[in-house]
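Chemist: If you scroll down you'll find the structure; I have some questions about it.
The values are calculated or read from the model by the stated rules, or taken from the named source; none is laboratory data. In this text the structure is predicted, and so the values were computed from the model without any measurement. Cβ coordinates were reconstructed from backbone atoms using ideal geometry, including for glycine residues, and neighbour counts include every protein chain displayed.
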Amino acid sequence: MKLLMITRKVDKDDPQVGFVYNWINKLSHKVEQLKVICLERGDTKGLPENIKVFSLGKEKGKNRLKEFINFQRGAIKFIKQVDGVFCHQNPEYTILIAPYAKLFRKKIICFYGHKAINWRVRLMHFFADKVVTSSEKGFKIDSPKRKIIGQGIDIDFFRLNPDKKQSEKLRIVAVGRISPIKNYETLIRAAITLKKQNMPLIIQIAGFVILSEQEAYFTKLKELVKKEQLENEVKFLGGTIQAETLKLYQNSDISVNLCPTGAPDKVGFEAMACGLPLLACNQSYAKNFGSYTEQLLFKEKDPEDLAEKILALSKGNHLEEIGNFLREQVTKYHNLDNLLERIIECF
């Protein structure tokens, strides 16, 4: 099979979408040829020879007219050479490729995992032959076209650390962009409670500000840390590339995800794949928590409840047991290899 994939960016060192490199790399082993149209191209070294990456040129500077023209060039160049089109996440890609795909009778399979449903998403759904998603909340249009296939976590990359060393401090990690929806203040306020109880801990927050209007939120977080004299307990690491994120997971004891209930956050499953117990307020994770659900789910925006759950986990001596169970769940239900096979089956 020969496929065309359309995605935003291909760059193995990008802190936000570096995982796409892994997707493309593994997908290339399941097809004869893989053509990729991306808005922006970064470091693509190491990709197999049967992959052709065509960039719309954003890495040279933003120019929407030029990007639109380049998309038409790429679409015309590749559409006759492939058996189907796989559009990743952004609904605009499906809308743009649809005239070419319909003209040459090529199936369009879309991956979409976001709570937002707007006119672009509805138009994507209209043009697509199938919309695959990570969970029921990842695509809220109830349709025969919808197929739930789980997250795509590369368990060969996100793995256990056999040489993990113990620490006198409880090491907590939270990964994700700096944005109000991430509710990092809840974690910081939980740290206040834990510090008062003389718990030695270190909290590392890995993420960066994407939108300029969210700088004010980041400033408030830093001011809260300073006000409560938590500079030794709470560290902001900025954006981390995949290799750095892996090391962060592998050298931590607990991961915390503070996003509200909706489509489960991919980074939560990455932490689980590394054998970390995940504390979350997003109810969507519950189906993967099994008998540990009550221990791992905390009340949204409730720092006292989060502090209690952290304290209970640290004293329970079951971190490794819970972590191993959660990795098994990711391996069974959210393995990247399985996800790619399910996408190919749709064609």
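Chemist: Taking only region 9-19 into account, find how many residues are at pLDDT below 95 and either buried (at least 18 other Cβ atoms within 10 Å of the Cβ) or touching a strand residue (DSSP E or B) at 6+ places or on another chain (Cβ under 9 Å) (or both).
Modeler: Residues of region 9-19 at pLDDT below 95: 12-19.
With the extra rule that they be either buried (at least 18 other Cβ atoms within 10 Å of the Cβ) or touching a strand residue (DSSP E or B) at 6+ places or on another chain (Cβ under 9 Å) (or both), the set shrinks to 12, 14-19.
Qualifying residue count, region 9-19: 7.
Chemist: Here's another thing I want to ask about it. If you check Glu49 against the conditions, is it over 28 Å from Phe269 (Cα atoms), assigned to a helix (DSSP H, G or I) and acidic (Asp, Glu)? Walk me through how you get there before you give the answer.
Modeler: Values: over 28 Å from Phe269 (Cα atoms): yes; assigned to a helix (DSSP H, G or I): no; acidic (Asp, Glu): yes.
Answer is no for this residue.
Chemist: How do the pairs read when you match residues in region 207-224 that are outside the structural domain of Lys235 (by TED's automatic domain parsing) with residues anywhere that are in a loop (DSSP other than H, G, I, E, B), using Cβ under 6 Å and keeping only pairs 6 or more apart or on different chains?
Modeler: none
Chemist: Within region 127-230, considering only strands (runs of 3 or more DSSP E) that don't extend past its boundaries, which have at least 2 residues that are under 16 Å from the mean Cα position of the chain (by Cα) and among the aliphatic types (A, V, I, L, M)? Working first, answer last.
Modeler: Working: elements: 130-133, 146-148, 170-175, 201-206.
The strands (runs of 3 or more DSSP E) meeting that bar are 170-175, 201-206.
Chemist: Please enumerate the residues belonging to region 274-305 that are under 23 Å from Gln166 (Cα atoms), in contact with a strand residue (DSSP E or B) (Cβ under 7 Å, 6 or more places away or on another chain) and outside any strand (DSSP E or B).
Modeler: Leu276, Pro277, Leu296
Chemist: Could you list all residues from region 137-162 that are under 21 Å from Thr331 (Cβ atoms) and among the acidic types (Asp, Glu)? Break it down into steps so the answer makes sense when it comes.
Modeler: Taking region 137-162 first, the residues under 21 Å from Thr331 (Cβ atoms) are 138, 147-162.
Across region 137-162, the qualifying residues are Asp154, Asp156.
Chemist: While we're here: List the number of the failed condition for Lys247; all other conditions in (1) surrounded by fewer than 16 Cβ atoms within 10 Å (Cβ to Cβ); (2) of a type outside the set (S, T, N, Q); (3) in a strand (DSSP E or B) hold.
Modeler: (3)
One line per residue, one yes/no per condition, for (1) surrounded by fewer than 23 Cβ atoms within 10 Å (Cβ to Cβ); (2) within 15 Å of Ala174 (Cα to Cα); (3) at pLDDT below 95:
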site: Val256; (1), (2), (3): no, yes, no
site: Pro264; (1), (2), (3): no, yes, yes
site: Pro277; (1), (2), (3): no, yes, no
site: Gln283; (1), (2), (3): yes, no, yes
site: Ala286; (1), (2), (3): yes, no, yes
site: Phe289; (1), (2), (3): yes, no, no
site: Tyr292; (1), (2), (3): yes, no, no
site: Lys299; (1), (2), (3): yes, no, no
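Chemist: Within region 318-335, which residues are touching a helix residue (DSSP H, G or I) at 6+ places or on another chain (Cβ under 7 Å) and part of a helix (DSSP H, G or I)?
Modeler: So in region 318-335, the residues touching a helix residue (DSSP H, G or I) at 6+ places or on another chain (Cβ under 7 Å) come out as 319, 322, 325-327, 329-330, 333-334.
Once the filter is applied, which keeps residues that are touching a helix residue (DSSP H, G or I) at 6+ places or on another chain (Cβ under 7 Å) and part of a helix (DSSP H, G or I), region 318-335 yields Leu319, Ile322, Phe325, Leu326, Arg327, Gln329, Val330, Tyr333.
Chemist: Taking the options Ile24, Ile69, Ile97, Ile6, name whichever one is crowded, with 19+ Cβ neighbours inside 10 Å and without any contact (Cβ under 8 Å) to a residue 60 or more places away in the chain. Don't jump to the end; show me each part of the working.
Modeler: Details: Ile69 fails: crowded, with 19+ Cβ neighbours inside 10 Å; Ile97 fails: without any contact (Cβ under 8 Å) to a residue 60 or more places away in the chain; Ile6 fails: without any contact (Cβ under 8 Å) to a residue 60 or more places away in the chain.
Only one candidate passes the filter, namely Ile24.
Chemist: Being touching a Gly at 6+ places or on another chain (Cβ under 6 Å), outside the structural domain of Trp23 (by TED's automatic domain parsing) and touching a residue at least 60 places away in the same chain (Cβ under 8 Å) is the requirement here; does Leu187 meet it? Outline the logic, then answer.
Modeler: Working: touching a Gly at 6+ places or on another chain (Cβ under 6 Å): no; outside the structural domain of Trp23 (by TED's automatic domain parsing): yes; touching a residue at least 60 places away in the same chain (Cβ under 8 Å): yes.
The answer is no for Leu187.
Chemist: Condition (residue is among the aliphatic types (A, V, I, L, M) and touching a residue at least 12 places away in the same chain (Cβ under 8 Å)) applied to region 59-66: is it met by at least one residue? Step through it out loud before you land on a result.
Modeler: Going residue by residue through region 59-66, those that are among the aliphatic types (A, V, I, L, M) are 65.
Those left that are additionally touching a residue at least 12 places away in the same chain (Cβ under 8 Å): none.
Taking every residue of region 59-66 in turn, none turns out to be among the aliphatic types (A, V, I, L, M) and touching a residue at least 12 places away in the same chain (Cβ under 8 Å).
Chemist: Return yes when Ala271 is assigned by TED's automatic domain parsing to the domain that holds Gly323, under 18 Å from Leu319 (Cα atoms), part of a helix (DSSP H, G or I) and more than 15 Å from the chain's Cα centre (by Cα) and no when it is not.
Modeler: Details: assigned by TED's automatic domain parsing to the domain that holds Gly323: yes; under 18 Å from Leu319 (Cα atoms): yes; part of a helix (DSSP H, G or I): yes; more than 15 Å from the chain's Cα centre (by Cα): no.
Answer is no for this residue.
Chemist: Does Thr240 meet the test of being at pLDDT 95 or above, among the polar types (S, T, N, Q), crowded, with 18+ Cβ neighbours inside 10 Å and in the same structural domain as Ala312 (by TED's automatic domain parsing)? Show your work before the answer.
Modeler: Details: at pLDDT 95 or above: no; among the polar types (S, T, N, Q): yes; crowded, with 18+ Cβ neighbours inside 10 Å: yes; in the same structural domain as Ala312 (by TED's automatic domain parsing): yes.
The answer is no for Thr240.
Chemist: Return yes when Val121 is of a type in the set (A, V, I, L, M), within 21 Å of Asn22 (Cα to Cα) and out of contact with any Gly (no Cβ under 8 Å at 6 or more places or on another chain) and no when it is not.
Modeler: Values: of a type in the set (A, V, I, L, M): yes; within 21 Å of Asn22 (Cα to Cα): no; out of contact with any Gly (no Cβ under 8 Å at 6 or more places or on another chain): yes.
In short, no.
Chemist: Would region 306-317 turn up any residue that is touching a residue at least 12 places away in the same chain (Cβ under 8 Å), charged (D, E, K, R), closer than 17 Å to Leu170 by Cβ and assigned to a helix (DSSP H, G or I)? Give the derivation first.
Modeler: Initially, region 306-317 is screened for residues touching a residue at least 12 places away in the same chain (Cβ under 8 Å), giving 306-307, 309-314, 316.
Narrowing further to those that are charged (D, E, K, R): 309.
Now narrow it down to the ones that are closer than 17 Å to Leu170 by Cβ: 309.
After this cut, where a residue has to be assigned to a helix (DSSP H, G or I) as well, the list is 309.
Yes.
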